[in-house]
Amino acid sequence: MIPANEKRTLFQWIHFLIPYLYTIGILVIFLWMTVAAAALAIITFHENPTALLMLTSDDSRSLDLLAGTSWLDVLIKPILASNFNQIIFKGLFMLLVWMLLFLVVPLAFRRLTRFKFFNLEIEVDAAAQTVIETIEVSAPKAKLMAYLSSSDATDRTIALLDAESANFRDVLAYFLEEIQAGYKKSPLNTNFSFSIYTHNPPAELDELIAASREANVSVISNKADPDNVMKKSYFVYAYQTAEREFITVISSYTSLFDLFDQYLFETLHHTVTRNQEYYELLIAVATMDADA
C-alpha cells in the first residue's frame, strides 16, 4: 500500500461547524429566556403573587401610568415596563442579530445568485457565472489529461523504470502525486489522498471494489453532503495488469469527484501500462541488437 494523506484546512472546518454554531446559538438564547423568565417568576411569586398571575405592576405604578398625558403612555409604557416583556424583547432582539449574522456573513464566502431579507435584496452573480466556473475547473483537468498522453509523460515513465527499477505501482504513485499537486493549485483548490493496494484493501470499500471488478471500470461514490468534512468521497479502480491486480483508492474530505476526475484517473492507469509496455519493448529490442 502506498498512502498519501489529505489535510483539511481551517476554513473548511469553520464552514463545516457554522450550522452547528448557529443552532447552538439559538438554543442558548432560548435557554437564557427560559431561565430568566423562570427566575423572575419565582421572585415575583414570593413578592407579589397577584402580579405574577395577572402580569401587572403594583397599584401605585398603575395609577401613575393612568395619569399619563396620552393614550400611548397608558398602552405602551406598561408593556415596556414589564420585566417579562423585557426578557422577551431582549431575546427576540438577540435572535434577530444572530440570524442576521449568519445570513450576511456567508455572502463573503460563497457565490449566491440572490439574497433577500425583508426589504433588503442583494444580487451577487448572474446565472452565467456557474458555466464560467465549470469551464475554469474543467480546463486544468483537461490539461493534466493531455500531459499524461504527451511524450513528456512517456519519457518520465521510461526514466523512472530505467533509473530507479520502478514497477507499475511506483510509476502510478509518482503521477498521482503530480496530479495531487496540480489539484491543490487555483482554480481547483482541491485536496485528495490516495492509496494503492495489492492485497487487503479496506473492508468498507468491498462493494465499490466488487462493482469496479465486475464492470472493469472505475467507480465513484460521492458523499451526500459536500460540506461534511467528516465523511469522504471515493474513487475506486480495481485495475488488472499482466502481473497482478492493483486497487487504487482516491478519497477526499473536501470535494466531490466528477466525470473529468474519473476519466483522468482511468487515463493515468492506461497510460502507465502503455508506457511500461513500450519500455519493455525497447529493452527487448536493445537485447536482441546486443545478441546479434
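With a requirement of 1 or more residues that are at pLDDT 85 or above, among the hydroxyl-bearing types (Ser, Thr, Tyr) and open to solvent by 80 Å² or more (accessible area, probe 1.4 Å), the helices (runs of 4 or more DSSP H) lying completely within region 1-93 that satisfy it span 10-47.
Of the candidates Tyr253, Tyr279, Tyr263, the single residue that is open to solvent by 20 Å² or more (accessible area, probe 1.4 Å), aromatic (Phe, Trp, Tyr) and more than 23 Å from the chain's Cα centre (by Cα) is Tyr279.
Filtered by the rule that a residue be small (Gly, Ala, Ser) and open to solvent by 60 Å² or more (accessible area, probe 1.4 Å), region 159-189 gives Ala163, Ser165, Ser186.
Across region 212-231, the qualifying residues are those that are without any contact (Cβ under 8 Å) to a residue 24 or more places away in the chain and more than 23 Å from Glu243 (Cβ to Cβ), and the one among them that is surrounded by the fewest Cβ atoms within 10 Å (Cβ to Cβ) is Ala224. Scanning region 209-253 for residues that are more than 18 Å from Asp170 (Cα to Cα), of a type in the set (S, T, N, Q) and in a strand (DSSP E or B) yields a total of 4.
Please specify each residue of region 182-208 satisfying the condition of being among the β-branched types (Val, Ile, Thr), part of a loop (DSSP other than H, G, I, E, B) and at pLDDT 90 or above. Outline the logic, then answer.
Our first condition is that a residue be among the β-branched types (Val, Ile, Thr); within region 182-208, this holds for 190, 196, 198.
The next check asks that each one be part of a loop (DSSP other than H, G, I, E, B); those that pass are 190, 198.
Of everything in region 182-208, just one residue is among the β-branched types (Val, Ile, Thr), part of a loop (DSSP other than H, G, I, E, B) and at pLDDT 90 or above, namely Thr198.
The set of residues in region 254-292 that are under 15 Å from Asp170 (Cα atoms) and among the polar types (S, T, N, Q) comprises Thr271, Thr273, Asn275, Gln276.
Residue by residue, here is whether (1) over 19 Å from Thr273 (Cα atoms); (2) not hydrophobic (A, V, I, L, M, F, W, C) holds:
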{"position": "Ile158", "(1), (2)": "no, no"}
{"position": "Asp162", "(1), (2)": "no, yes"}
{"position": "Leu176", "(1), (2)": "no, no"}
{"position": "Lys223", "(1), (2)": "yes, yes"}
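Filtering region 242-266 to residues that are β-branched (Val, Ile, Thr) and either touching a Ser or Thr at 6+ places or on another chain (Cβ under 6 Å) or at pLDDT 95 or above (or both) leaves Ile247, Thr248, Val249, Ile250.
Note on region 266-292: residues that are closer than 28 Å to Glu204 by Cα and free of Cβ contacts under 8 Å to residues at least 60 places away in the same chain total 2.
Residues in region 190-211 that are out of contact with any Ser or Thr (no Cβ under 9 Å at 6 or more places or on another chain) and open to solvent by less than 30 Å² (accessible area, probe 1.4 Å): Ile209 only. Of the residues in region 199-213, at least one is under 29 Å from the mean Cα position of the chain (by Cα) and among the hydroxyl-bearing types (Ser, Thr, Tyr).
The values are calculated or read from the model by the stated rules, or taken from the named source; none is laboratory data. Being a predicted model, the structure only gives us computed values, none of them experimental. Positions of Cβ are backbone-derived with ideal geometry, glycine not excepted, and every protein chain shown enters the neighbour counts. All accessible areas refer to the heavy atoms of the entire protein, side chains included, with ligands and DNA or RNA removed. Shrake-Rupley method; radii C 1.70, N 1.55, O 1.52, S 1.80 Å.
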